[in-house]
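Colleague: Have a look at the structure that comes next, please.
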Amino acid sequence: MTKKAGIVIAIVLVASLTVSLVARGIDPTGQDPQIPEEITGAWFRAADYTGIMNRVAAGSDPDLFYADQALDNTIYVWPGFEPYRYEDEIDWQVGGKSNTWYLYFQSLRVVGYLANAGEVSGDVRYLEKAAEIIESWIDFHYQIRVPRPSVWNALRLLRAVAGTARTGGYGPYPEKAVEMIEAWFDPGAIIEMPPPYAWDDHAAASRTRNVMHFLRAYQALPEAELPNSFFEKIAAMLYQHGNWLLDERNYHPNNHGLMASMALTQIALTLPELDRDGSWKHTGIDRVRERIEADLSVERVHLEHAAAYHLLFLNLVLQVDEYLDTRGVPLFEPDDETVEEMKQYVAYMVKPDGRLPMIGDTSDGVLARHYGHPWVIYSLSDGRQGTRPPASSMVYPDAGVAILRDEWRTGSDFADTTYLMFQSKFLMPGHKHADDLGFLLYSHGEDIFVGPGVYAYDRSEYRQYVRSAQAHNTLTVDGQSYAISRDNIGKAGITAHRMDEAFDFVQGSHTMYEGVTLKRGIVFIRPSTVLVIDEAVSGADHSIQQIWNLSPAAHDLQFDKDGASFLVGENGVSVEMRQISPAEDVNHYYGHEDPVRGFISPRQWELVPVHQLEFERSGSGVVFVTQISVTGPDEQAPTIELDPDNPYRDIVVHQSDGTTLTINLEPGL
């Protein structure tokens, strides 16, 4: 393509985008007519900031450490992340950081810290520094000049051009878009392009809320004096952000979409003069409701397959519900049980030690909030407070989750609960791992089989590993994982379940591997024995791997093709694994680097080596039948008898107290 032809195409593209956006009420050249001609600090001080949804909670910086560091030109984008130190000017294109670091850097989280500090201390220096950072961000992002990108980055250029053309508010965007494309054909040119995550939906939504938090703090401190020229930039910035968030091309069907909708709603209701025709308000509220309906299962479990993101989504829903309530806009119908059912799930989801199960993108951590719900209070108080949930185990078929307990205990015995969490569903790829048919096991105060955590939101081999099937307690085919892509949505699920006084049963299956159906049945025999029945059916021979990731506290491991035994912790907790049909091979990994195997990541960027066992059998119809028994000191595991060729029929369990339990599951399958 010639330079001339490229410019012609660019002009046509930009012109068509501009016409369509103007027709939709988005003016890409400047300010809305309803905004006062002269923007002043007094105009912002007169706004109603009641109940606004802060992005940075007051408790995020109780000692004002991050705010004080910002006064000294040191920016902390998030606790635990490396700080950024600058001298005279902020480099908004600083290199060498992770995706998550850039996200919070561009979201102006530091402004939230400073706004909090201003509100808490009454010290105007915090607001002056926040204003300095906001103005630096505005000035830079409309005067960006970076070296011409390489050819392989052409798609990013086109995305930037389209984003520039469709963004309303500050500056002559169509002209800039033409300059960008024209410069593309000049090898010596420099091209204007946003830095990483400057216009990510999550970053734009959080930045909007952090700037509005600053405005609330400014309203509360009348002694703070800032020039009107600064507030003119703020008005144009928020007008641009409102139009950008309104644009359906920047609205995505996930938790980011909820964040963006919350930010759009907040601008519209707090600064209604910016919302020319009311479209921000109505679209924002409609999208909030749309995300709540679309992103939760019928049981009101969040569909991104991660415990941490169920909590995030619940917190967001509570925030927007409370904010809209201050504006007299009900989010739910009076009899709606969405929030109640989301909280009930939290009570079951949290482990007996009060920590989160590391499923999906979830790091190890304590559940710090009981949400005022009696069931959650019971779960977090060792059963000493609150109300005991009505059932020991729950299955959520639409969400693809089963959470099994031997019983709800009380007091010092609470931590001895046996807890099993099983997953089999693929509904959204965002924070999901290749963990279908996988489960976590906790018993006698110890993690027994664990999940891998997050590691980091980057493209490293460790990130790829923790999301892979090899990092989970599940099955793989021919030693491979499967794609976490929309192509696999709907290929996994819970196919059967049964709750009984002496045992619970759940079965799932998936077809993620082409031509292979994998099934796993779990028989949870109270108090602490698990029978795992795995099947792989195919029209051709395949090698099937059964993978187990042991607790970091596991020691004295012994294993062979018939099973394994190990101790966990220092209190005499013993685990026996028996392969009722011996494996053909068994492999062991512990902190293995090539390939990466035998690690978990309890916290971001942290790797902890763990023992990983991989049992293997081959054929077109492979079956594993595995008994797992967890015992404490002076306890004995039951003996199980069954026919490996028909493992669901007549399972005979000889308990250590001399009683016998016979389980027949075949009619229900």
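The values are calculated or read from the model by the stated rules, or taken from the named source; none is laboratory data. As the structure is a prediction and not an experimental result, all values here were calculated from the model. Cβ placement follows ideal geometry from the backbone for every residue including glycine, while neighbour counts extend to all protein chains displayed. Side chains are part of the model used for accessible areas, which takes the heavy atoms of the whole protein and leaves out ligands, DNA and RNA. Shrake-Rupley method; radii C 1.70, N 1.55, O 1.52, S 1.80 Å.
Colleague: In the stretch 453-504, how many residues are of a type outside the set (Ser, Thr, Tyr) and part of a loop (DSSP other than H, G, I, E, B)?
Modeller: Within the stretch 453-504, residues that are of a type outside the set (Ser, Thr, Tyr) and part of a loop (DSSP other than H, G, I, E, B) number 16.
Colleague: Shifting gears a bit: Of everything in the stretch 433-475, what is over 17 Å from Ser601 (Cα atoms), buried (at least 23 other Cβ atoms within 10 Å of the Cβ) and either among the acidic types (Asp, Glu) or touching a helix residue (DSSP H, G or I) at 6+ places or on another chain (Cβ under 7 Å) (or both)? Give them in sequence order.
Modeller: Asp436, His444, listed by residue number.
Colleague: Determine whether Asp585 is exposed (fewer than 14 other Cβ atoms within 10 Å of the Cβ), of a type outside the set (Val, Ile, Thr) and within 37 Å of the chain's Cα centre (by Cα). So that I can check it myself, show each step before the final result.
Modeller: Values: exposed (fewer than 14 other Cβ atoms within 10 Å of the Cβ): yes; of a type outside the set (Val, Ile, Thr): yes; within 37 Å of the chain's Cα centre (by Cα): yes.
Yes, satisfied.
Colleague: I would also like to ask the following. Return the pair list, or none, for Cβ contacts closer than 6 Å from residues in the stretch 197-211 that are without any contact (Cβ under 8 Å) to a residue 60 or more places away in the chain and farther than 23 Å from Thr50 by Cα to residues that are open to solvent by 10 Å² or more (accessible area, probe 1.4 Å) and outside any helix (DSSP H, G or I), at least 6 apart or on different chains.
Modeller: Here the result reads Asp201/His252, each pair linking the stretch 197-211 to a residue that is open to solvent by 10 Å² or more (accessible area, probe 1.4 Å) and outside any helix (DSSP H, G or I).
Colleague: Here's a follow-up. Is there a residue in the stretch 118-140 that is in contact with a Pro (Cβ under 9 Å, 6 or more places away or on another chain), without any contact (Cβ under 8 Å) to a residue 24 or more places away in the chain and surrounded by fewer than 21 Cβ atoms within 10 Å (Cβ to Cβ)?
Modeller: no
Colleague: Can you give me the number of residues within the stretch 386-400 that are open to solvent by 50 Å² or more (accessible area, probe 1.4 Å) and either among the polar types (S, T, N, Q) or in contact (Cβ under 8 Å) with a residue 60 or more places away in the chain (or both)?
Modeller: Counting residues in the stretch 386-400 that are open to solvent by 50 Å² or more (accessible area, probe 1.4 Å) and either among the polar types (S, T, N, Q) or in contact (Cβ under 8 Å) with a residue 60 or more places away in the chain (or both) gives 3.
Colleague: Considering the stretch 374-385 alone, what residues qualify as being open to solvent by 50 Å² or more (accessible area, probe 1.4 Å) and out of contact with any Gly (no Cβ under 8 Å at 6 or more places or on another chain)?
Modeller: Within the stretch 374-385, just Gln385 meets the criteria.
Colleague: Report whether or not Glu299 is in contact with a Pro (Cβ under 9 Å, 6 or more places away or on another chain), closer than 17 Å to Ile359 by Cβ and open to solvent by 20 Å² or more (accessible area, probe 1.4 Å). Even if it seems obvious, please write down each step before you answer.
Modeller: Working: in contact with a Pro (Cβ under 9 Å, 6 or more places away or on another chain): yes; closer than 17 Å to Ile359 by Cβ: yes; open to solvent by 20 Å² or more (accessible area, probe 1.4 Å): yes.
Here the answer is yes, as Glu299 does meet what is asked.
Colleague: Do the conditions hold for Tyr239, that is, is it aromatic (Phe, Trp, Tyr), at pLDDT below 95 and more than 26 Å from Arg388 (Cα to Cα)?
Modeller: Considered against the rule, which asks whether it is aromatic (Phe, Trp, Tyr), at pLDDT below 95 and more than 26 Å from Arg388 (Cα to Cα), Tyr239 comes out as yes.
Colleague: List pairs: first residue in the stretch 637-648 and at pLDDT below 95, second residue among the basic types (Lys, Arg) anywhere in the structure, Cβ distance under 7 angstrom, at least six positions apart or on different chains.
Modeller: Going by the 7 Å Cβ cut-off, the qualifying pairs are Asp643/Arg649.
Colleague: Then there is this: Please determine, by comparing only the residues of the stretch 58-81 that are part of a loop (DSSP other than H, G, I, E, B) and open to solvent by 60 Å² or more (accessible area, probe 1.4 Å), which one is modelled with the highest pLDDT.
Modeller: In this case the residue turns out to be Asp72.
Colleague: Could you please find all residues in the stretch 272-301 being in contact with a helix residue (DSSP H, G or I) (Cβ under 6 Å, 6 or more places away or on another chain), touching a residue at least 60 places away in the same chain (Cβ under 8 Å) and either acidic (Asp, Glu) or not in a helix (DSSP H, G or I) (or both)?
Modeller: Within the stretch 272-301, just Val301 meets the criteria.
Colleague: Determine if the stretch 240-260 includes at least one residue that is among the small types (Gly, Ala, Ser), out of contact with any Leu (no Cβ under 7 Å at 6 or more places or on another chain) and farther than 30 Å from Glu132 by Cβ.
Modeller: Within the stretch 240-260, one or more residues are among the small types (Gly, Ala, Ser), out of contact with any Leu (no Cβ under 7 Å at 6 or more places or on another chain) and farther than 30 Å from Glu132 by Cβ.
Colleague: While we're here: Going residue by residue through the stretch 359-381, is there one that turns out to be on the phi > 0 side of the Ramachandran plot and over 26 Å from the mean Cα position of the chain (by Cα)?
Modeller: So far as the stretch 359-381 goes, no, none of its residues is on the phi > 0 side of the Ramachandran plot and over 26 Å from the mean Cα position of the chain (by Cα).
Colleague: For the stretch 456-484, give me each residue that is within 19 Å of the chain's Cα centre (by Cα) and either within 23 Å of Ala536 (Cβ to Cβ) or modelled with pLDDT of 95 or more (or both).
Modeller: Tyr462, Arg463, Gln464, Tyr465, Val466, Arg467, Ser468, Ala469, Ala471, His472, Ala483, Ile484 - these are the residues of the stretch 456-484 that are within 19 Å of the chain's Cα centre (by Cα) and either within 23 Å of Ala536 (Cβ to Cβ) or modelled with pLDDT of 95 or more (or both).
Colleague: Go through the stretch 538-555 and give me each residue that's part of a strand (DSSP E or B) and crowded, with 16+ Cβ neighbours inside 10 Å.
Modeller: Of everything in the stretch 538-555, those that are part of a strand (DSSP E or B) and crowded, with 16+ Cβ neighbours inside 10 Å turn out to be Ser538, His542, Ser543, Ile544, Gln545, Gln546, Ile547, Trp548, Asn549, Leu550, Ala554.
Colleague: For the stretch 622-654, which positions are polar (S, T, N, Q), open to solvent by 10 Å² or more (accessible area, probe 1.4 Å) and under 18 Å from Ile580 (Cβ atoms)?
Modeller: Gln627, Thr639, Asn646
Colleague: Kindly check whether there is at least one residue in the stretch 635-645 that is more than 25 Å from Trp548 (Cβ to Cβ) and not acidic (Asp, Glu).
Modeller: Scanning the stretch 635-645, I find no residue that is more than 25 Å from Trp548 (Cβ to Cβ) and not acidic (Asp, Glu), so the answer is no.
Colleague: Is it true that Pro222 is in a loop (DSSP other than H, G, I, E, B) and open to solvent by less than 10 Å² (accessible area, probe 1.4 Å)?
Modeller: no
Colleague: Please count how many residues of the stretch 559-574 are surrounded by fewer than 20 Cβ atoms within 10 Å (Cβ to Cβ) and either assigned to a loop (DSSP other than H, G, I, E, B) or under 33 Å from the mean Cα position of the chain (by Cα) (or both).
Modeller: 7
Colleague: Quick one: in the stretch 321-373, which of the residues that are without any contact (Cβ under 8 Å) to a residue 60 or more places away in the chain, among the aliphatic types (A, V, I, L, M) and outside any loop (DSSP other than H, G, I, E, B) is surrounded by the fewest Cβ atoms within 10 Å (Cβ to Cβ)?
Modeller: Val366
Colleague: Just for the stretch 505-518: of the residues that are assigned to a strand (DSSP E or B) and in contact (Cβ under 8 Å) with a residue 40 or more places away in the chain, which one is surrounded by the fewest Cβ atoms within 10 Å (Cβ to Cβ)?
Modeller: Among those residues, the one meeting the criterion is Ser509.
Colleague: Here's a follow-up. Take the residues in the stretch 251-290 that are more than 24 Å from Tyr49 (Cβ to Cβ) and touching a Ser or Thr at 6+ places or on another chain (Cβ under 9 Å); name whichever of them is most open to solvent (accessible area, probe 1.4 Å).
Modeller: Glu290
Colleague: Which residue out of His611, His588 is closer than 29 Å to Val516 by Cα and touching a residue at least 40 places away in the same chain (Cβ under 8 Å)?
Modeller: His611
Colleague: Answer yes or no: is there a residue in the stretch 489-503 that is of a type in the set (S, T, N, Q) and open to solvent by 30 Å² or more (accessible area, probe 1.4 Å).
Modeller: Yes, the stretch 489-503 contains at least one residue that is of a type in the set (S, T, N, Q) and open to solvent by 30 Å² or more (accessible area, probe 1.4 Å).
Results for (1) crowded, with 18+ Cβ neighbours inside 10 Å; (2) assigned to a strand (DSSP E or B), shown as yes or no for each residue.
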residue	(1), (2)
Arg520	yes, yes
Val532	yes, yes
Ala536	yes, yes
Leu557	no, yes
Glu576	no, yes
Gln604	no, no
Glu614	yes, yes
Ser620	no, yes
